[in-house]
1. Report, by residue number, each residue of segment 131-150 that is more than 16 Å from residue 184 (Cβ to Cβ), aromatic (Phe, Trp, Tyr) and assigned to a loop (DSSP other than H, G, I, E, B).
2. With (1) under 16 Å from the mean Cα position of the chain (by Cα); (2) within 16 Å of the ligand (Cβ to nearest atom); (3) not in a strand (DSSP E or B) as the list, and residue 153 as the residue in question, which single condition is left unmet?
3. Away from the ligand (no atom under 16 Å from the Cβ), closer than 25 Å to residue 22 by Cβ and surrounded by fewer than 18 Cβ atoms within 10 Å (Cβ to Cβ): does that describe residue 143?
4. Which condition number does residue 42 fail, the rest of (1) free of Cβ contacts under 8 Å to residues at least 40 places away in the same chain; (2) in a loop (DSSP other than H, G, I, E, B) being met?
5. Six or more apart or on different chains, Cβ atoms under 9 Å: show the pairs whose first residue is in segment 1-23 and on the phi > 0 side of the Ramachandran plot and at pLDDT 95 or above and whose second is part of a loop (DSSP other than H, G, I, E, B) and near the ligand (Cβ under 10 Å from one of its atoms).
6. Can you find even one residue in segment 19-36 that is within 13 Å of the ligand (Cβ to nearest atom), under 19 Å from the mean Cα position of the chain (by Cα), part of a helix (DSSP H, G or I) and more than 17 Å from residue 88 (Cβ to Cβ)?
7. Evaluate the following for residue 128: is it in a strand (DSSP E or B) and either of a type in the set (Asp, Glu) or crowded, with 19+ Cβ neighbours inside 10 Å (or both)?
8. Report, ordered by the first and then the second residue, all pairs with beta carbons closer than 6 Å, sequence separation of six or more or different chains, a first member in segment 106-134 that is under 24 Å from residue 196 (Cβ atoms) and basic (Lys, Arg), and a second member that is outside any loop (DSSP other than H, G, I, E, B) and away from the ligand (no atom under 14 Å from the Cβ).
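The values are calculated or read from the model by the stated rules, or taken from the named source; none is laboratory data. Keep in mind the model is a prediction, meaning the values are calculated, not measured. Using ideal geometry, Cβ is built from the backbone for each residue, glycine included, and neighbour counts are taken over all protein chains shown.
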Amino acid sequence: MKVAILGTGNVGQTLGKGFAGLGHSVVVGTRDPQSDTARKAVAAIGKATAMTFADAARAADIAVLATSWSGTEPVARTTAANLADKLVIDAVNALDADFAKGKVALALAGSTSVGEKVQAWMPNAKVVKAFNSVGYPAMVNPSFQLGKPTMFIAGNDGGAKQQTVSLLAQFGWDAVDMGSIEAARLIEPLAPLWIVHALRTGTWTHAFKLLVTN
Ligand SMILES: NC(=O)c1ccc[n+]([C@@H]2O[C@H](COP(=O)([O-])OP(=O)(O)OC[C@H]3O[C@@H](n4cnc5c(N)ncnc54)[C@H](OP(=O)(O)O)[C@@H]3O)[C@@H](O)[C@H]2O)c1
């Protein structure tokens with residue numbers, strides 16, 4: 001499978017390396033494929049090619065959206081046509097944060113979510129919210145004493161969610177489907193919860209797990 005990682009930051013690099021490790025062909029989307037940022041991302045992934053966001057989307061079977069919140073709308077709109085009918089895993093968080101001051105809040109909350117915005121900006125793509133509720137170091141092959149952590153997901157397309165569940169299992173996660181993309185409103189607040197715990201404890205490798213009684 002050809003996977004477009006739309007983003008050159010820590011999340012893009014980590015998930016790109018994860019997909020490459022599973023034997024997939026990875027293309028990295030960026031504004032400038034010749035930039036130092038793009039070269040660094042390609043080097044971190046190991047085996048990948050940097051392209052413009054639109055070209056990466058065109059080349060791909062599925063995509064991961066790993067852009068800053070400010071870059072998300074332009075990238076979603078630029079890639080929308082090339083991602084029609086394809087799975088798009090949305091890992092984006094819209095945060096209003098100043099870590100040094102301990103301030104972490106959602107920039108977008110209440111009656112909407114990033115997931116819903118992304119689905120509206122690329123109406124023909126099959127958007128699935130995932131990977132936003134954990135820090136990048138634990139996104140691929142996390143190791144916890146209590147077993148596999150939980151990745152909450154949401155999306156409108158059943159087949160795309162099934163594909164995401166399967167990919168998450170290969171990355172070492174149990175997925176829990178929370179429903180349509182509107183449920184991204186419930187999943188996205190897990191990010192500030194995760195970050196505040198990190199700031200209070202100085203640990204950056206925790207994750208959420210849904211426990212069910214026997
Ligand atoms: N860091 C984590 O542990 C973590 C965990 C879960 C979710 N997230 C979320 O995942 C996303 C990616 O996070 P990150 O830390 O890996 O990277 P990031 O620094 O937040 O974003 C990097 C990407 O955003 C693109 N970008 C920035 N401004 C843009 C603009 N105006 N137009 C188009 N593209 C623009 C950059 O493009 P160029 O390549 O052209 O520079 C780059 O590819 C964020 O939404 C973040 O909240 C992060």
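1. 144
2. With (1) under 16 Å from the mean Cα position of the chain (by Cα); (2) within 16 Å of the ligand (Cβ to nearest atom); (3) not in a strand (DSSP E or B) applied to residue 153, the lone miss is (3).
3. In short, yes.
4. All conditions are met except number (2).
5. What qualifies is 7/66; 7/67; 7/68; 7/91; 7/92.
6. no
7. So residue 128 fits the description; yes.
8. Close Cβ pairs (under 6 Å, with a partner that is outside any loop (DSSP other than H, G, I, E, B) and away from the ligand (no atom under 14 Å from the Cβ)) amount to 129/154.
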